[in-house]
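*Asks:* If you scroll down you'll find the structure; I have some questions about it.
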Amino acid sequence: MAFAGIDQVRAKTPVFPGDTITATAVVGALRRTSDGRRAILTLEITVTKQTGETVMTFTYALMIRAAGQSNEEEE
């Protein structure tokens, strides 16, 4: 697994000491790379505080091993 980037960052409202924040991730996309051995997983992240108010949103991308690929196949 490797970090592939953060995009579309939106800070919507401030948080303060004592606030409790929660991050929720939803799979936005999954696509194979051109070599077929890896895939880019895009997560849509929403951060809310204890009031339920959204404080931040962003997309987070990871490069992962594609289904059916083992460690030996990558070497």
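*Asks:* Please go through (1) small (Gly, Ala, Ser); (2) outside any strand (DSSP E or B); (3) modelled with pLDDT under 95 for residue 52 and return the number of the only condition it doesn't satisfy.
*Replies:* Going through (1) small (Gly, Ala, Ser); (2) outside any strand (DSSP E or B); (3) modelled with pLDDT under 95 one by one, residue 52 breaks only (3).
*Asks:* Tally up the residues in segment 2-39 that are in contact (Cβ under 8 Å) with a residue 24 or more places away in the chain, part of a loop (DSSP other than H, G, I, E, B) and on the phi > 0 side of the Ramachandran plot, please.
*Replies:* 1
*Asks:* To continue, here is another question. Pick from segment 1-20 the residues that are under 11 Å from the mean Cα position of the chain (by Cα) and of a type in the set (Gly, Ala, Ser): which of them is surrounded by the fewest Cβ atoms within 10 Å (Cβ to Cβ)?
*Replies:* The qualifying residue surrounded by the fewest Cβ atoms within 10 Å (Cβ to Cβ) is 5.
*Asks:* Here's a follow-up. If you check every pair at least six apart or on different chains, which have Cβ atoms under 6 Å apart with a residue in segment 40-52 that is over 13 Å from residue 8 (Cβ atoms) and touching a residue at least 60 places away in the same chain (Cβ under 8 Å) first and a residue that is among the β-branched types (Val, Ile, Thr) and surrounded by 15 or more Cβ atoms within 10 Å (Cβ to Cβ) second?
*Replies:* none
The values are calculated or read from the model by the stated rules, or taken from the named source; none is laboratory data. Quick caveat: nothing in here was measured; it's all calculated off a predicted structure. Neighbour counts run over all protein chains shown; Cβ positions are idealised from the backbone, glycine included.
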